[in-house]
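Just below is one structure, and these are the notes that go with it.
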């Protein structure tokens, strides 16, 4: 009734002055409206009480809604959702949510998103949650968001350290589409202030959206909160209704006794009544890739190539880590990831060896990685097949990808050219023109070789290209130093070469060979 009354009465008519004026008008003509008169004194006394009454009604009305309640009233509202205001003494700080490529569109990140991680000893850290709505803007790759520790008064909370070091908060139980990584760039320390009303409201709004329990996603989120990075929850097609499979894909997680107990307890608390959960642990298949990479810059030094090698290794490991349990490894996807790096020009064929945990001998009990017999390649694309309970992984410590440098064979051409009478260009300008003309000529030969067409380096075709592109008078000589170290002289087709084994009239150019300018001797014409 109070809510209906407030909705019918305009707010501007419930003020003290509005009530006084309305009362005096209703007393009829002849009433003394001046201050100090009996009528006005009575009207003001009554108006004060009515204005106070309306203000209290408005306050009570606002205190019942999430968007308008404040202080203790807001605490009562969010208590319906099982939330409490975080008090002073909790761990607080900032986390960085990021992705490798710039965001194609704005990515919304609601408040209340939970995060956790693993301590140095492998035990899970306390749960944290974001304090405010945030957006990873289009074109950006990272965003900072304040977080706070989730305080649990049940006595079952994870023991909270006094400080959490940087780069420990790396798990998000409910992943956000478009966000690839999360971490805390700075230490998380204990705060001295209670949670603000605005932050509490933001958390409550997310709790309203994500508060359902018993769903497949909520079960997966509960498992991730226990420090599990890879989990798949699904309803199997070959089982009756009410059966759910939980596949844990973390490496050797089954051997972590404490972790297994935590996962079972979290599932039991989250699942709906009557649901039978079958927990399965994936068998990890360790991939070691072996291939060669040709950098875009042929002059790249070894230190820079080593950095490129580490970038490619991390890219491949991240791709494998995000593969679902049972998902096959796509050769084309791996190649696309490698060519996605702008420093990569060419990649050789990908070779893969797969390893599993085993013993190094029949008498030893020590577990080591042993090579799988046979291969896993299948299909026209030569992908690598995985069984339903197998997870493909790349371990950068145990079996990092072996990446070596692919060096394209290079032929160096040393030229002798004649210039026209009255040449106005400097020798440096002429040599630069010759370099550019040779690049055009080499690109044409390379394209022919790659397309399977006949590609031959001849004196006449080279001379014609240099005349057109570099504006020389004639090509007098050309020595070609092959990638084998042998130097041969290129001569015109009419030259007898039977007695001169170091002279040739043409050289077949195979795919991948690079022609480089090795210098030029300039001869003027008088």
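The values are calculated or read from the model by the stated rules, or taken from the named source; none is laboratory data. Here the structure is a predicted model, which means the values were calculated and not measured. Neighbour counts run over all protein chains shown; Cβ positions are idealised from the backbone, glycine included.
Give the number of residues within segment 293-313 that are surrounded by 15 or more Cβ atoms within 10 Å (Cβ to Cβ) and at pLDDT 90 or above.
7
Please determine whether any residue of segment 364-376 is closer than 30 Å to residue 514 by Cα and either surrounded by fewer than 14 Cβ atoms within 10 Å (Cβ to Cβ) or within 34 Å of the chain's Cα centre (by Cα) (or both).
No, segment 364-376 contains no residue that is closer than 30 Å to residue 514 by Cα and either surrounded by fewer than 14 Cβ atoms within 10 Å (Cβ to Cβ) or within 34 Å of the chain's Cα centre (by Cα) (or both).
Output the residue which, of all residues in segment 273-292 that are surrounded by fewer than 13 Cβ atoms within 10 Å (Cβ to Cβ) and in contact (Cβ under 8 Å) with a residue 24 or more places away in the chain, is nearest to residue 388 (Cα to Cα).
Ranking the candidates gives 278 first.
So for segment 91-100 (the condition being surrounded by fewer than 16 Cβ atoms within 10 Å (Cβ to Cβ), outside any loop (DSSP other than H, G, I, E, B) and at pLDDT below 90), does at least one residue qualify?
No - not one qualifying residue is present in segment 91-100.
Among the numbered criteria (1) outside the structural domain of residue 164 (by TED's automatic domain parsing); (2) assigned to a loop (DSSP other than H, G, I, E, B); (3) closer than 24 Å to residue 191 by Cβ, which single criterion is violated by residue 112?
(1)
Could you please tell me which pairs satisfy a Cβ distance under 8 Å, a separation of 6+ or placement on different chains, a first residue in segment 492-509 that is farther than 19 Å from residue 454 by Cβ, and a second residue that is at pLDDT below 60 and surrounded by 11 or more Cβ atoms within 10 Å (Cβ to Cβ)?
So the pair list comes out as 503/497.
Residues checked against (1) within 28 Å of residue 250 (Cα to Cα); (2) touching a residue at least 60 places away in the same chain (Cβ under 8 Å); (3) not in a strand (DSSP E or B):
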{"site": "294", "(1), (2), (3)": "no, yes, no"}
{"site": "298", "(1), (2), (3)": "no, yes, yes"}
{"site": "303", "(1), (2), (3)": "no, no, yes"}
{"site": "310", "(1), (2), (3)": "yes, no, yes"}
{"site": "314", "(1), (2), (3)": "yes, yes, yes"}
{"site": "336", "(1), (2), (3)": "yes, no, yes"}
{"site": "352", "(1), (2), (3)": "yes, yes, no"}
{"site": "356", "(1), (2), (3)": "yes, yes, no"}
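Would you mind stating whether residue 461 is touching a residue at least 12 places away in the same chain (Cβ under 8 Å) and not in a strand (DSSP E or B)?
yes
Taking segment 47-68, which residues are surrounded by 13 or more Cβ atoms within 10 Å (Cβ to Cβ), touching a residue at least 12 places away in the same chain (Cβ under 8 Å) and closer than 14 Å to residue 202 by Cα?
Within segment 47-68, 66 is the sole residue that qualifies.
Do you know which of the residues in segment 393-417 that are surrounded by fewer than 16 Cβ atoms within 10 Å (Cβ to Cβ) and not in a loop (DSSP other than H, G, I, E, B) is modelled with the lowest pLDDT?
Ranking the candidates gives 410 first.
Among the residues of segment 101-117 satisfying the criterion of being touching a strand residue (DSSP E or B) at 6+ places or on another chain (Cβ under 9 Å) and loosely packed, with under 15 Cβ neighbours inside 10 Å, which is farthest from residue 175 (Cα to Cα)?
106
Does residue 56 satisfy being under 56 Å from the mean Cα position of the chain (by Cα) and either farther than 30 Å from residue 125 by Cα or at pLDDT below 75 (or both)?
yes
Which one is modelled with the highest pLDDT among residues in segment 118-145 that are surrounded by 17 or more Cβ atoms within 10 Å (Cβ to Cβ) and either on the phi > 0 side of the Ramachandran plot or touching a helix residue (DSSP H, G or I) at 6+ places or on another chain (Cβ under 9 Å) (or both)?
Of everything passing the filter in segment 118-145, 130 is modelled with the highest pLDDT.
Which ones in segment 418-434 are within 20 Å of residue 458 (Cβ to Cβ) and outside any strand (DSSP E or B)?
Of everything in segment 418-434, just one residue is within 20 Å of residue 458 (Cβ to Cβ) and outside any strand (DSSP E or B), namely 434.
Just one of 477, 485, 452 is outside any helix (DSSP H, G or I) and within 21 Å of residue 346 (Cβ to Cβ); which is it?
452
Do we have residue 470 as in contact with a strand residue (DSSP E or B) (Cβ under 9 Å, 6 or more places away or on another chain), surrounded by 13 or more Cβ atoms within 10 Å (Cβ to Cβ), modelled with pLDDT of 90 or more and under 27 Å from residue 522 (Cβ atoms) here?
yes
Looking at the structure I just gave you, is residue 227 buried (at least 16 other Cβ atoms within 10 Å of the Cβ) and at pLDDT below 85?
For residue 227, the condition - buried (at least 16 other Cβ atoms within 10 Å of the Cβ) and at pLDDT below 85 - is met.
Please go through segment 162-193 and pick out each residue that is more than 22 Å from residue 109 (Cα to Cα) and either modelled with pLDDT under 80 or touching a helix residue (DSSP H, G or I) at 6+ places or on another chain (Cβ under 8 Å) (or both).
191, 192, 193
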